[in-house]
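The values are calculated or read from the model by the stated rules, or taken from the named source; none is laboratory data. In this text the structure is predicted, and so the values were computed from the model without any measurement. Here the Cβ is made from the backbone with ideal geometry for all residues, glycine too, and neighbour counts use every protein chain on show.
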Amino acid sequence: MSVENLLYQGLIGLTNGMYLWLVAAGLTIAFGVLKILNFAHGSLYMVGAYLGFSMYGEFGLGFWSSLALATLTVGLLGLVLERTLFRPLYKLDITYGLILTFGLALIFSDLVRILWGGVFLIPPTPAALVGSFEILGRAFSYYNAFVIAAGLLVGAGLWFLLDHTWWGRTVRATASDREMSGVLGINAGWIYASVFALAAAVASLAGALSIPVRVVTPGLGTTIIIQAFIITVIGGLGSLRGAFLGALIVGLANAYGVLLFPNIELFLIYGIMALVLLVKPEGLLGERQ
């Protein structure tokens with residue numbers, strides 16, 4: 001097998017990794033601050049995909065408008081969920097959050113089945129991103145290149161927002177010591193709400209970005225959340241940089257697994273996760289508790 005084919009397959013894995021990174025980023029942000037493992041996070045990805053499909057594929061809105069509106073809508077949905085359902089769980093054991101979010105995942109799956117039906121949905125690719133260019137002697141679609149760029153831009157934006165803004169500093173302070181941040185005048189309740197809304201919006205953005213190239217189905221949320229959990233375990237719970245590294249590892253493992261190890265491709269990422277847990281239980285970039 002030629003080096004060009006291997007490198008090209010790496011680009012395919014990088015594209016897949018960017019979708020997974022956006023989902024895992026929101027999951028990581030929510031856990032890092034709220035200390036809740038949100039099993040319904042994949043459902044927010046799914047809702048974003050369905051909203052993007054309806055706005056762009058059925059209502060005739062522009063692709064960029066659909067992307068923005070789907071992201072904003074699910075971000076507001078996340079704000080409502082945090083204020084009404086998640087807030088009472090912060091002082092309880094983490095298992096209560098898992099039970100709640102698992103129930104929410106089932107509810108969202110049934111809701112999208114009622115509203116959109118159970119058939120597969122694929123809207124058209126936006127006209128500005130139709131076509132491909134040649135790289136390594138093979139055609140690579142403009143849309144895949146756009147997804148890679150979008151994932152990197154969102155990563156840079158999250159890094160800047162959390163590390164170099166007043167809001168990011170207050171988030172880190174609240175996550176570190178909520179009582180002390182309250183003494184300093186920080187409204188911890190609204191910080192938690194804004195973090196959850198941001199996490200939901202990022203998941204929705206990933207879902208809306210996926211609609212031209214991935215089939216939208218009611219079970220989409222379950223599939224994506226399993227991969228997102230694997231990524232966060234590999235990278236380290238609560239580590240945004242770890243989530244990015246884990247997404248790259250899983251995306252490339254899936255791509256090269258299909259090419260080189262088709263018989264065990266489905267089990268490859270589980271093997272990687274098991275190996276990481278044996279060597280470094282807190283994840284590659286996680287902190288030992």
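Here is a check on your reading of the model: is residue 97 surrounded by 13 or more Cβ atoms within 10 Å (Cβ to Cβ), in a helix (DSSP H, G or I), at pLDDT 90 or above and not hydrophobic (A, V, I, L, M, F, W, C)? No; evaluated as a whole, the condition is false for this residue. Note on the range 220-245: among residues that are small (Gly, Ala, Ser) and in a helix (DSSP H, G or I), the one that is nearest to residue 273 (Cα to Cα) is 235. The residue of the range 200-219 that is modelled with the highest pLDDT, among those that are assigned to a helix (DSSP H, G or I) and among the hydroxyl-bearing types (Ser, Thr, Tyr), is 204. Residue under question is residue 231, and the condition is that it be under 27 Å from residue 10 (Cβ atoms), touching a residue at least 60 places away in the same chain (Cβ under 8 Å) and in contact with a His (Cβ under 9 Å, 6 or more places away or on another chain); does it hold? Against the criterion (under 27 Å from residue 10 (Cβ atoms), touching a residue at least 60 places away in the same chain (Cβ under 8 Å) and in contact with a His (Cβ under 9 Å, 6 or more places away or on another chain)), residue 231 does not qualify. Of all residues in the range 122-136, those that are within 16 Å of residue 52 (Cα to Cα) have Cβ atoms under 6 Å from Cβ atoms of residues that are exposed (fewer than 15 other Cβ atoms within 10 Å of the Cβ) and of a type in the set (Val, Ile, Thr), 6 or more apart or on another chain, in 122/215.
Kindly establish whether residue 214 is within 16 Å of the chain's Cα centre (by Cα), surrounded by fewer than 23 Cβ atoms within 10 Å (Cβ to Cβ), of a type outside the set (S, T, N, Q) and closer than 28 Å to residue 48 by Cα. Yes: the conditions hold for residue 214.
Residues in the range 146-190 that are within 20 Å of residue 26 (Cβ to Cβ), part of a helix (DSSP H, G or I) and of a type in the set (Val, Ile, Thr) were compared, and the one that is modelled with the lowest pLDDT is 174. In the range 155-200, the qualifying residues are those that are touching a residue at least 40 places away in the same chain (Cβ under 8 Å) and farther than 15 Å from residue 34 by Cβ, and the one that is surrounded by the fewest Cβ atoms within 10 Å (Cβ to Cβ) is 159.
The helices (runs of 4 or more DSSP H) falling completely within the range 1-94 that include 3 or more residues that are at pLDDT below 85 map to 3-34.
Yes or no, residue by residue, for (1) surrounded by fewer than 23 Cβ atoms within 10 Å (Cβ to Cβ); (2) in contact (Cβ under 8 Å) with a residue 40 or more places away in the chain; (3) closer than 30 Å to residue 55 by Cα:
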position: 209; (1), (2), (3): no, yes, yes
position: 224; (1), (2), (3): no, yes, yes
position: 227; (1), (2), (3): yes, yes, yes
position: 242; (1), (2), (3): no, yes, no
position: 247; (1), (2), (3): no, yes, yes
position: 265; (1), (2), (3): yes, no, no
position: 277; (1), (2), (3): yes, yes, no
position: 283; (1), (2), (3): no, yes, no
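Taken over the range 143-154, the residue count meeting the criterion of being of a type in the set (Ser, Thr, Tyr) and free of Cβ contacts under 8 Å to residues at least 60 places away in the same chain is 0. Could you please let me know if residue 54 is over 20 Å from residue 218 (Cα atoms) and either crowded, with 23+ Cβ neighbours inside 10 Å or not β-branched (Val, Ile, Thr) (or both)? No; evaluated as a whole, the condition is false for this residue.
Might you let me know whether the range 251-274 holds any residue that is under 14 Å from the mean Cα position of the chain (by Cα) and either charged (D, E, K, R) or more than 22 Å from residue 173 (Cα to Cα) (or both)? Within the range 251-274 (the criterion being under 14 Å from the mean Cα position of the chain (by Cα) and either charged (D, E, K, R) or more than 22 Å from residue 173 (Cα to Cα) (or both)), the answer is yes, since at least one residue qualifies. If residue 119 passes every condition in (1) surrounded by 12 or more Cβ atoms within 10 Å (Cβ to Cβ); (2) outside any helix (DSSP H, G or I); (3) among the β-branched types (Val, Ile, Thr) but one, which one does it miss? If we test residue 119 against (1) surrounded by 12 or more Cβ atoms within 10 Å (Cβ to Cβ); (2) outside any helix (DSSP H, G or I); (3) among the β-branched types (Val, Ile, Thr), just (1) comes out false. Being under 27 Å from residue 121 (Cβ atoms) and of a type in the set (Ser, Thr, Tyr) is the filter here, so list the residues in the range 208-267 that pass it. Across the range 208-267, the qualifying residues are 210, 217, 222, 223. Any residue in the range 181-192 that is within 27 Å of residue 56 (Cβ to Cβ) and among the polar types (S, T, N, Q)? Taking every residue of the range 181-192 in turn, none turns out to be within 27 Å of residue 56 (Cβ to Cβ) and among the polar types (S, T, N, Q).
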